[in-house]
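S.K.: Sharing a structure below in structure tokens format, with a few things to ask.
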Amino acid sequence: MVSVGWSAAFLQGAVAPAVLAAASSWCSAVVLLVCLQLPQLSPVQAGGPSCLCASDILSCTALGLQRVPAEMPVSAVTLDLSHNHLVELEGGCFGGLSRLETLRLAHNQLTTIQPGAFRNASGALLRHLDLSSNQLHVLEQHYFQELPGLEELLLFNNRIIHVESRALAGLGGLRRAYLSHNRLTDFPFFTIQEHSHPHLSMLDLSSNRLPKLPLEDISNLPVAVQSGLYLHNNSLVCECSMYALFRYWEQRGFSSVRDFRQEHTCLVYGIQRGTVRFFQHNRYFEKCNMTVLRQAQEGSVSVGAGKAVLLHCVTSLTGQHVTFLWVSPNQEYVAPPGNNGSLKMFANGSLEIVAARAEDSGIYWCMALDQRQQRNETREVNVTVVPHHDSESHEHFNTGFTTLLGCVVSLVLVLMYLYLTPCRCPPCPRAPPPATATPSQGKEAGTGSAQSSILTPTPPATTEGPGRKVSTNKHVVFLEPIREQQNGRLRAGPGAGAVQGHLGPGLLLGPEQHPKLHNQSQQRAGETDSIMSVFSDTPIMLP
């Protein structure tokens, strides 16, 4: 890099033939001649600081300049005048810089930009303009009229309190605009449309003083602008409609909400001390109907017959001087507190349909009027009342719910079966012995006492008369192995009494009463050491 100055003779082409001749052979020589310090210096520039030139970059940073240099090389593509003491940009101060694409004017003391300041400059070629960290108060509509090709505009860290409605109108190629860290209380969102700013994908309005958002205008913004609209760290008043908008952006995964989720705050009742981070602490908005609010922002609301619905008069007007009124589809004028009971209106402009009817369907028209500023805004909400069907009154069980309920009941029953103590039933009383017993019956009883217990699930019924059988029904019995024989009679094994005492009394049969059992007992009596299972696996049906 070489220290350079410029003179009018150079700009008028005094050395142009030599430069053109050198350009035909050596391109590097052209850059050197452009940055060459010439002897014809004006008295003001001769004693002042000089800029640095490297290729097509011209840097005049931190030189204490109070005015834009009057003579600069026309080949400059990037011009850096940041960190100086510039107060004003005069008309035509960048004239002749037809190749200029990047202009940096950050960290100065600019308060005014005169009309035509960028005239005769690169115009459509200028892509990047940095005016950050200055002292601009108002963005006027003539500031950027000569820059239709501007793609990036940096205006953060100024003192801007107002942006005129046509200030960004001529920037059809704008892609990114940074206006954070200013003092904005409103912004003309309605001027940004798909046809006027087709390439805009980032609009940074964070860290300002916006108290209320014009939700209708914001909802009408292109989706690309909404995705890159940064509104965190403002002075927003906590409202259900505002919260619904940010929650909707979060659900759609917009980077403006996802990347700065913790920095989104609002003021409860507009009090500065009541600042809450509403994405982390959303209890204040628990009663907000997000579905109805989202529909209200889109200008269409659906409600079931007989149900209540709240319509919001979404507007950017704020203050004590703002009044509201509604006109129903029946051409009925509605003002606070409402009409005869079917419509209620609140001081904040919201209108409630107490019990929606079919005749309440239609377009509701709202007007917000600021009497002090003589401004008014209107809004339309289309209400559709869905008729109530009788078939819908019967609520059907959900398949998933019934399946879950069945599983829970089954689990409870299993736990009750496993862990609850079963009921202790008293022992069944023995049937009293008959008053008169025949010899055969006495023999049968004696034989049964010596034989192993033969169990039946039901005790034998008492005989009603002599000669009748004990029971005409057939019972299932289980046989127990016979252990040994004593005095010609079969004696029951040691487990028979225990089993009989545990299971209760049963029917005792001697071997004489059943020939098959008698033969089987004689055959097994000789086996001294064989022990079989307590119960036989083969049931026998007794007559």
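S.K.: Among the numbered criteria (1) at pLDDT 95 or above; (2) farther than 28 Å from Ser300 by Cβ, which one does Ala167 miss?
M.R.: (1)
S.K.: In segment 175-186, which residues are at pLDDT 95 or above, in a loop (DSSP other than H, G, I, E, B) and buried (at least 16 other Cβ atoms within 10 Å of the Cβ)?
M.R.: If the condition is that a residue be at pLDDT 95 or above, in a loop (DSSP other than H, G, I, E, B) and buried (at least 16 other Cβ atoms within 10 Å of the Cβ), then Arg175, Leu179, Ser180, His181, Asn182, Leu184 are the ones that fit.
S.K.: Is there a residue in segment 116-126 that is open to solvent by less than 40 Å² (accessible area, probe 1.4 Å) and either among the β-branched types (Val, Ile, Thr) or touching a Ser or Thr at 6+ places or on another chain (Cβ under 6 Å) (or both)?
M.R.: yes
S.K.: Taking the criterion of being out of contact with any Asp or Glu (no Cβ under 7 Å at 6 or more places or on another chain), under 29 Å from Leu63 (Cα atoms) and among the polar types (S, T, N, Q), would at least one residue in segment 176-194 satisfy it?
M.R.: yes
Residues checked against (1) touching a helix residue (DSSP H, G or I) at 6+ places or on another chain (Cβ under 6 Å); (2) surrounded by 18 or more Cβ atoms within 10 Å (Cβ to Cβ):
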residue: His195; (1), (2): no, no
residue: His199; (1), (2): no, no
residue: Glu216; (1), (2): no, yes
residue: Ala224; (1), (2): no, no
residue: Asn234; (1), (2): no, yes
residue: Cys238; (1), (2): yes, yes
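S.K.: Any idea how many residues of segment 253-271 are touching a helix residue (DSSP H, G or I) at 6+ places or on another chain (Cβ under 9 Å) and under 19 Å from Asp204 (Cα atoms)?
M.R.: 9
S.K.: Sticking with this one: Quick one: Leu153 ticks every box in (1) out of contact with any strand residue (DSSP E or B) (no Cβ under 7 Å at 6 or more places or on another chain); (2) open to solvent by less than 20 Å² (accessible area, probe 1.4 Å) except a single one, so which number is it?
M.R.: Looking at each condition in turn, Leu153 falls short on (1).
Every residue, every condition in (1) at pLDDT 85 or above; (2) under 20 Å from Phe324 (Cβ atoms); (3) not aliphatic (A, V, I, L, M), yes or no:
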{"residue": "Leu215", "(1), (2), (3)": "no, yes, no"}
{"residue": "Ile218", "(1), (2), (3)": "yes, yes, no"}
{"residue": "Ser241", "(1), (2), (3)": "no, yes, yes"}
{"residue": "Arg247", "(1), (2), (3)": "yes, no, yes"}
{"residue": "Val268", "(1), (2), (3)": "yes, no, no"}
{"residue": "Ile271", "(1), (2), (3)": "no, no, no"}
{"residue": "Asn282", "(1), (2), (3)": "no, no, yes"}
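S.K.: Could you grab me the full set of residues in segment 264-288 that are assigned to a helix (DSSP H, G or I) and exposed (fewer than 13 other Cβ atoms within 10 Å of the Cβ)?
M.R.: Within segment 264-288, Tyr269, Gln272, Arg273, Arg283 qualify.
S.K.: Further question: Considering only residues that are more than 26 Å from Ser196 (Cα to Cα) and open to solvent by 10 Å² or more (accessible area, probe 1.4 Å), which ones fall in segment 244-257?
M.R.: Arg247, Glu250, Gln251
For (1) open to solvent by 90 Å² or more (accessible area, probe 1.4 Å); (2) under 26 Å from Lys307 (Cα atoms); (3) modelled with pLDDT under 85; (4) under 32 Å from the mean Cα position of the chain (by Cα), each residue gets a yes or a no:
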| site | (1), (2), (3), (4) |
| --- | --- |
| Ser350 | no, yes, yes, yes |
| Ser361 | no, yes, no, yes |
| Gln374 | yes, no, yes, no |
| His388 | yes, yes, yes, yes |
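The values are calculated or read from the model by the stated rules, or taken from the named source; none is laboratory data. Computed from a prediction, not measured in an experiment: that's the story for all the values here. Positions of Cβ are generated from backbone atoms using ideal geometry, with glycine treated the same way; all protein chains shown enter the neighbour counts. Side chains are part of the model used for accessible areas, which takes the heavy atoms of the whole protein and leaves out ligands, DNA and RNA. Shrake-Rupley method; radii C 1.70, N 1.55, O 1.52, S 1.80 Å.
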